[in-house]
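The values are calculated or read from the model by the stated rules, or taken from the named source; none is laboratory data. From a predicted model like this one, the values you see are computed outputs, not experimental measurements. Please note: Cβ atoms are built from the backbone with ideal geometry, for glycine as well, and neighbour counts cover all protein chains shown.
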């Protein structure tokens, strides 16, 4: 058995369907509900943000079915990167792996910024006000003006939470999963309380018109705003594919990974739409462009729900902690898989002798994510993450279709139904949301992918296992 194969078999298979489903819910429910819902409603969709979540959820359902087939066929760490490597070849695998950095690593940074917002607001409730220069990014971001200097130094709470989660992930996958399971129970409880208690205080005038008229600019309300809102909040769904990155640590990946993906996605979609309706019914959508919109919604309900405010903030802090954990877990496993194939230095795949985790990949993920969270605002990071996730979904759906044509007889413990309809719909719906994103976001994606190709041709291709063979 070669060194690569030995490294593969050193990771512990300890996760069952319950762990994987909660891992998916832990990854999905987070910044989408607690942060991005308000910002997307205020800037793009208004109350129609509920329709945005439905549209994104439908796209994820098609992509989730494709992910499930690949995860059952290729039960290895690496998510869409590994699937693309097996179906579309090394160049496409590198592209998707480099793209997934936007989804996971920048995603963890995005959620860390949201976590910081709730911590600062929670401390203010107890009379503790942190210096503004230490709790804000040096840059602000709006779709119209882009990045602008704020005068702040860096976002200290965001830095601290990323550092803590990095240490937790290095210690071990079982400890990380148990930590996540406890937080999932907390987050679902808080969200259900918000939905069922808040719905009594909905004001119908806040929901009218449900789709605000377009301003004359594409993406600012109207149907185009609903689509752009869908593309922005798509970030909120990306956690479900983190389940597939843990396939190499699942006890029965062929059965358990599809269960974890599809069940977690269905649960989260229902909760997202319900929260969106209640939140925009409580507060005029223009007032929701804040880092803690659910707290604003509770305030709007009046003294009757004042007791819920600290619970929601504590729940949000716990929730966003688990999302950071899930996203950083996914990114470190992708680095591990790329190093196994020679596209990154072998040290990225180093397994800790005691904890049996890819400790160096996890540490690198933590350091870069920490730096991004320290200096960039949530809106800027969130759009980058969304376009990265959408591109990954397009390529996974394409991979299923290609695999069915090139290897129709390959064993498939889970089969995506209605091929090619499901992969095609996944590609079309994900692609439509990419088109709806601002041009600046596309430009940043193109520059990021160009940098990735330069690295591939200077290092990855020359050192890859396929090239050496």
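In table form, for the structure just shown:
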item	result
Residue, farthest from residue 39 (Cα to Cα), within the stretch 121-135, restricted to residues that are in contact (Cβ under 8 Å) with a residue 60 or more places away in the chain and surrounded by 18 or more Cβ atoms within 10 Å (Cβ to Cβ)	122
Matching residues, the stretch 346-366, being surrounded by fewer than 22 Cβ atoms within 10 Å (Cβ to Cβ) and in contact (Cβ under 8 Å) with a residue 24 or more places away in the chain	351, 352, 355, 356, 359, 363, 364
Residue that is farthest from the chain's Cα centre (by Cα) [pool: residues in the stretch 63-109 that are modelled with pLDDT under 80 and not in a helix (DSSP H, G or I)]	88
Residues being modelled with pLDDT of 85 or more and either more than 13 Å from the chain's Cα centre (by Cα) or over 18 Å from residue 35 (Cα atoms) (or both) - total across the stretch 221-262	10
Residue within the stretch 357-380 that is out of contact with any helix residue (DSSP H, G or I) (no Cβ under 8 Å at 6 or more places or on another chain) and part of a loop (DSSP other than H, G, I, E, B) present	no
For residue 322: the one exception among (1) within 22 Å of residue 20 (Cα to Cα); (2) surrounded by fewer than 22 Cβ atoms within 10 Å (Cβ to Cβ); (3) at pLDDT below 80	(2)
Residues that are closer than 19 Å to residue 240 by Cα and surrounded by fewer than 24 Cβ atoms within 10 Å (Cβ to Cβ), drawn from the stretch 73-97	73, 74, 75, 76
Conditions (1) closer than 19 Å to residue 101 by Cβ; (2) assigned to a helix (DSSP H, G or I); (3) over 19 Å from the mean Cα position of the chain (by Cα): number failed by residue 277	(1)
From the options 113, 119, 133, residue that is part of a helix (DSSP H, G or I), more than 24 Å from the chain's Cα centre (by Cα), over 30 Å from residue 252 (Cβ atoms) and modelled with pLDDT of 85 or more	133
All positions within the stretch 200-219 that are in a loop (DSSP other than H, G, I, E, B) and touching a helix residue (DSSP H, G or I) at 6+ places or on another chain (Cβ under 7 Å)	202, 203, 210, 211, 212, 213, 214, 218, 219
Sole exception among (1) touching a strand residue (DSSP E or B) at 6+ places or on another chain (Cβ under 9 Å); (2) closer than 22 Å to residue 167 by Cβ for residue 379, by number	(2)
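Residue-by-condition table, conditions (1) modelled with pLDDT of 90 or more; (2) within 21 Å of the chain's Cα centre (by Cα):
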residue	(1), (2)
137	no, yes
145	no, no
149	no, no
153	yes, no
157	yes, yes
160	yes, yes
170	no, yes
177	no, yes
180	no, yes
